[in-house]
């Protein structure tokens, strides 16, 4: 997978038209290749932006200019990839950028694979695996909270904590191995109670990291909230108000929404896919029946549901059917049409569900609904400063480490031999080193980096 002798090239900016586009070149021949693309008067000084022209010396019958660019040379090892890197900032026409890449390919470069620039940064020690994954998360962030969490990871907050655990674990292993290697010296390099205490402290820290996993995954991956209710109860009006635009058609005719309508919203830092559904009732026709079926499918993967009830009218069989269908789910009861006179009291609703009275027409009470949904989804302060584990790979490896440490602590408490304790501690250390990439396989690396975009 990793071919360090190749010089690679790709467009590093998103596809489509833009004011600027960047072509990134990395590898042993990056500087020579870039000079072959530029006019001969261009002098690339390390870490200085140089105005130059891209010249077609190959395809055109006579050398002809293509574009004016700003060329920047980053010599190894202090570059993003740890190799010689040249970045060409050109005008953002896809045609121009593709032509520049094409000329680089004709001069011997290879088109970069997805994530290959960041893979090279990892292989050359510029980033560890946790930081490399943070690059992908930062690129894909759709809320400020996602971006903040990814940036903290990129800055090495998590790396530092894992490194500290690894150092302490290595020291404990070394002292136990010394006791095992020199049994006749009559000296214990570490006492049993010290082993129990040290392993207990390590286990406590790993568990503290794992304590933020549920909320971390929610922030990183987002979730789905489904709006339910009988037809014409105000679901689409509420959906539009939460989204901030008229995505769903709102009319006085019941059953207007026949298909699922989805929109991603920022719910105080959480990327929430909001789903407006067809009214759940006995369908009148195959099209509406399909809409009701899809609504039920959406319920199956939802993190929470919003059940909309019309408080200006007495609850009917269709309302009770929705309440029964969602009884075991995290949900918020929305008593809509607070701007109208009430026909019933929320006291008639049994159970511990959260109830929010609002007007989807005026927006009164929608802020309370947003806060209530956030509390249901997370239940803790999203702005806490302690690091938060969010990646399922990291969670699985930390759980492996915790299990191994628990086993080591039990072995030490039972006065088992050092070799049994060491076996457990080595499993814990292996899990930590797989997390940061000190130990890893090509399959794991390919799985991680193939999800990146080309150019990153």
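No value in this document is a laboratory result; all are computed from the given coordinates. For clarity, every value in this text was computed on a predicted model and none was experimentally measured. Cβ coordinates were reconstructed from backbone atoms using ideal geometry, including for glycine residues, and neighbour counts include every protein chain displayed.
Quick notes on this structure:
- Relative packing of peptides 436-445, 20-29 - highest average C-beta neighbours within 10 Å first: 20-29, 436-445
- Spatial extent of the stretch 33-192: Rg and Dmax, with the Cα atoms as the point set, Å: 24.4, 85
- Residue 444-residue 208 FRET efficiency (beta carbon distance; Förster radius 30 Å; 0.05 resolution): 0.75
- Note on residue 342 and residue 5: the model spin-label points, each 7 Å out from Cα along the C-beta direction, lie 7.9 nm apart.
- According to the Kirkwood relation over distinct C-alpha pairs, the hydrodynamic radius of the stretch 8-126 is 14.2 Å.
- Rounded D (µm²/s) - the stretch 103-178, Kirkwood Rh over Cα pairs, Stokes-Einstein at 25 °C, 0.890 mPa s: 165
- Estimated distance in nm for a label pair at residue 148 and residue 296, the labels positioned 7 Å out from Cα along Cα-to-Cβ: 4.2
- Gain on full extension, evaluated as 0.36 nm per residue between residue 364 and residue 193 minus their Cα-Cα distance, stands at 55.5 nm.
- Whole-Å distance, taken between Cα centres, linking the stretch 203-227 and the stretch 389-403: 11
- Exposure proxy shown here: for 263, 133, the number of other Cβ atoms within 10 Å sets the order, fewest to most, as 263, 133.
- Expected 222 nm ellipticity per residue - DSSP helices of 4 or more, -39500 (n - 2.57), all of the chain, to 500: -14000 deg cm²/dmol
- Potential lengthening between residue 51 and residue 264 on full extension [0.36 nm per residue; Cα-Cα distance subtracted]: 72.6 nm
- Look at 177, 201 and count the other Cβ atoms within 10 Å of each Cβ; fewest to most, that gives 201, 177.
- Mean sequence separation of contacting Cα pairs (under 8 Å, at least six apart), scaled by the length of the chain, corresponds to a relative contact order of 16 percent.
- Footprinting exposure proxy ranking of 342, 193, fewest other C-beta atoms within 10 angstrom first, gives 193, 342.
- Sorted from greatest to least, the principal axis extents spanned by the alpha carbons of the stretch 392-443 come out as 38, 18, 13 Å.
- Correct option for Rg/Rh (Cα atoms, Kirkwood Rh) [calculated from the coordinates] among (1) 1.01; (2) 1.10; (3) 1.18: (2)
- Pairwise label distance in nanometres, residue 41 with residue 20, each label 7 Å out on the Cα-Cβ vector: 2.3
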